[in-house]
Structures are given as structure tokens and as C-alpha cells.
Amino acid sequence: MQYDDLDALIRDALAEERRAAGRRLAGLEARVAASLAGRPPKGSWRHLLSRVLPANRASRFALVGSLVVACVVGFLLGRALPLEMEPLLSGGGTLFAVVAPQASSVAVVGEFSGWQPVPLADAGSRGVWTAVLPLPPGRYEYAFVVDGRWIGQDPLADEYVRSFGEYASVRYVQEEA
């Protein structure tokens, strides 16, 4: 086989590929348009809101206004109502708390206990588990163990650290003023 024969074979193969591709592409535009015609259009966020909110402007303002009032009232009530845990703090110490309504046992583990579990109590049987520990000022890494499951990210923590693939919370205890 010579180079001229090889060139001819390559040209013929490429020409056949182009003809086959041309047959596959014939009518592609019509097929795509037909496929898209069956789909509902995606609207903007304004279009979606207009479908959810009431039709007239006055009703929309009334709905938005009532939502704003509800948020403000909820915020003010949350600030005005005293927390039931405040008496726990009156004796001093550091409060550890977890909301786990379905839990049967909750403990806190940390540097302050040699990573041994310190049980938390659910005084009101409402799923709010608490313990007040007398800790001297310092930095403490800790986590909760809820029904045997490690919970290393306490929302009330000052920061988080990750070691050995697990998170632990960090609490800074300062001297009482």
C-alpha cells in the first residue's frame, strides 16, 4: 500500500463520516423545537411570585405587612420573655445545653472531664438537656453524646476545631465580673 492509496482511503472515510453526520443532523432544528415546545417556560422570580401572591396590589401589601408584623412581634416576644434556664446560671458555672426531644440519654464530654461523659438532665421532660459545670477560666474543647452519637458542633460554641476527622466545639470561660 502506498501513501497515495492511504490518502484516498482516508479522504473516502472522512467523506462518508460527513455524509452520515449530515443525515443525522437533518431535521435536528425541528426536533429540538418540538421537544422544547412541550416544556413549560421557566419564569423569573417575579413571575413565580405573581403566581403565588394575590392578584391585586392591596392584598399583596396586606400579606407582606402582616408577615412583617408577625416577625417583629415574634422578635419582641423572644426578647421580652425570660429564659427558664436563667436560675441555673445564678449559682455560677458554665451552662451546657442541648435540644434533643427524642433522646433517651445525653452527656457532655470534654477536656474538663478527661473526655469522660458527664450526664445532662432533662428537668422538664421537654427535650432540653442541661448541665452547669463549675469550670475555671480557660479554653475547653467539648462535644455532646446523644444516644451514643457524637455531636461535635454545638450552636452555642465560640468556635469549632476538627481533629481525627471529627468536630469538637470550643468554649472560652472567662472570670466572672
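The values are calculated or read from the model by the stated rules, or taken from the named source; none is laboratory data. All figures in this text were calculated on a predicted structure; none of them were measured in a lab. Cβ sites come from the backbone with ideal geometry, for glycine too, and all protein chains shown count toward neighbours.
Observations on the structure shown:
- Residue in the stretch 133-143 that is surrounded by fewer than 14 Cβ atoms within 10 Å (Cβ to Cβ), in the same structural domain as F96 (by TED's automatic domain parsing), at pLDDT below 85 and in a loop (DSSP other than H, G, I, E, B) present: no
- Hey, E111 of a type in the set (D, E) and out of contact with any helix residue (DSSP H, G or I) (no Cβ under 6 Å at 6 or more places or on another chain) or not: yes
- Residues that are assigned to a strand (DSSP E or B) and in contact (Cβ under 8 Å) with a residue 40 or more places away in the chain within the stretch 146-167 comprise V146, I151, listed in sequence order.
- Hits in the stretch 122-132 - residues which are crowded, with 16+ Cβ neighbours inside 10 Å and not aromatic (F, W, Y): D122, V128, T130, A131, V132
- Scan of the stretch 93-121 for residues that are under 13 Å from F144 (Cα atoms), of a type in the set (V, I, T) and surrounded by 15 or more Cβ atoms within 10 Å (Cβ to Cβ), ordered by number: V98, V106, V108, V109, V118
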